[in-house]
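The structure appears right after this line, and notes come after that.
No lab work stands behind these numbers, since they all come straight from the coordinates. Worth saying up front: this structure is predicted, and the values here are computed from it rather than measured. Neighbour counts are summed over all protein chains in view; Cβ atoms, including those assigned to glycine, are modelled from backbone coordinates with ideal geometry.
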Amino acid sequence: MKRLVWAPKYRKWILRDDVKDFVEQCFREIAASNEYEIDLMEIAEDHVHIFLGFPPRYSISEVI
């Protein structure tokens, strides 16, 4: 598993309510379409932590 951190530009506190739900849905759709496995995802108001598994044919630079 690889640990990734994603933050909106300038670490704005925007990941609340409907935006938080939308971001989670987007990450899950991207993971499903690319054969990634989200082991754990935690969304804070200004960043997202993801523990992500992916097939060995991908390098970390291709996933991020």
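Some notes on this structure:
- Checking (i) 66; (ii) 63; (iii) 57 against percent of Cα pairs over 14 Å apart calculated from these atoms, the matching label is (iii).
- Filtered trypsin sites (Lys or Arg not before Pro), region 1-53: DSSP coil and at most 13 other beta carbons within 10 Å: LYS12, ARG16
- If the chain linking ARG28 and ARG11 were pulled fully straight, counting 0.36 nm for each residue of separation and taking away their Cα-Cα distance, it would gain 4.0 nm.
- Label-to-label distance for ARG3 and SER59 is 2.4 nm, based on points extended 7 Å past Cα in the beta-carbon direction.
- Loop GluC sites (Glu not before Pro), the chain (other Cβ atoms within 10 Å of the site Cβ: 13 or fewer; DSSP): GLU35, GLU45
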